[in-house]
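This report concerns only the one structure given below.
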Amino acid sequence: MADEPATIPADQRPRAWAFLVGLLVFRLLNSLYWALVGGLGWGFGTAVGSMVPLPGAATIGGAVGLALVMLGDLTLDLGKRSGYTPIQLAAFGGAAAGSASLSLLNPLSPDVNLVLGAGVGFFVGLLSSVMKQHFAPVSVVPAGTIAFTGTALFAGVGSSLGGAPGWAAASAISLFWMAIVAECLRREPAVLIDANEKPARVIPRREMCWQAARQGWSLSFPLVWGWNGLCGGLLASLWAVWAADHPNVDAMRKPFLACGGLATVVIIVTRLGILKPRRQSQPTSG
């Protein structure tokens with residue numbers, strides 16, 4: 001009969017396992033992104049700070065490096081080409097981690113270990129940037145305040161708790177904190193868009209802060225800041241514990257110095273608009 005519901009073939013029905021696998025993959029990539037980005041900032045800062053003959057200089061340098069990385073992520077909308085920053089940070093973070101890991105394992109010659117590890121890590125870093133994880137748009141001064149207070153919170157909680165679970169909890173708390181404060185200090189109020197892509201109403205800041213806090217730990221929402229920070233911090237801390245068991249300190253220091261320096265130069269050059277895409281020539285008639 002005409003009013004009977006149409007049957008959907010079994011091979012065309014949505015499969016729960018495919019959805020769960022996709023969800024886990026993207027959750028893993030999101031967590032890996034923050035592990036690579038945070039690891040790049042902390043590793044580069046620690047490598048620079050270790051050159052200073054002062055007690056605690058390496059830890060202070062790592063905190064400053066992490067704060068600068070988060071500052072770059074918080075100021076994505078302040079330039080025409082600043083949107084490339086997440087991809088660049090993750091790619092160079094992956095290159096540093098991959099190069100250091102292969103150098104510690106040392107399966108091949110030293111030069112091959114550096115190049116091969118950097119190439120594989122660079123590609124993995126690019127894959128971790130497939131989903132956008134942007135904070136609420138803020139101005140420069142609030143962005144700096146959020147970045148340095150979040151980093152201080154991360155260093156304080158992590159050093160107090162200690163161990164991989166402690167640093168993972170510190171990462172979750174600090175990333176969640178920065179997302180909530182950025183939402184409260186956003187430069188312009190959020191606007192609700194209707195089905196016709198037209199502004200429907202202005203969302204109050206209090207409502208946006210509460211929504212961000214509620215969704216920050218909800219697994220059904222894409223931007224789960226708390227869980228992404230927890231898993232990302234756990235991945236980074238486990239890698240740091242594994243790397244600390246190897247006595248070759250230069251194998252970790254050199255890749256992070258090189259990749260951190262290159263990332264700094266590339267991000268500055270890109271934001272200044274020096275690296276511009278080549279314009280395509282217009283076809284001419286007859």
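All of the numbers you see were taken from the coordinates with simple rules; none came from a lab. Predicted model, so just to flag it, every value in this text is computed and none were measured. A quick note on method: Cβ atoms are made from the backbone with ideal geometry, for glycine too, and the neighbour counts reach across all protein chains shown.
The table below gives the values:
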| quantity | calculated |
| --- | --- |
| Relative contact order %, the range 30-185, counting alpha carbon pairs below 8 Å whose residues are six or more apart | 22 |
| Fraction in percent of alpha-carbon pairs per bin - 5 Å, the range 111-162 | 4, 15, 11, 11, 13, 20, 17, 7, 2 |
| Cα shape, the range 80-143, gyration tensor, a/c 1.5 rule | prolate |
| Long-range HN-HN contacts of I203 with modeled amide H, under 5 Å | A190, V191, L192 |
| Net charge of neighbours whose Cβ lies under 14 Å from the Cβ of T46, counting Lys and Arg as +1 and Asp and Glu as -1 | +1 |
| Convex hull volume per residue in cubic angstrom - Cα atoms of the range 215-273 | 92 |
| Protection proxy ranking of 232-244, 35-47, 53-65, 168-180 - average other beta-carbon atoms within 10 Å, highest first | 35-47, 168-180, 232-244, 53-65 |
| The range 149-227 - Rg over Rh from alpha carbon coordinates, Kirkwood radius | 1.11 |
| Stokes-Einstein D in µm²/s, Kirkwood radius over Cα pairs - the range 32-105 at 4 °C with 1.567 mPa s viscosity | 101 |
| Segment Q215-S159, length gained on full extension (0.36 nm per residue, minus Cα span) | 17.4 nm |
| Built amide H within the under 5 Å cut-off of R187, gap 5+ | V138, S139 |
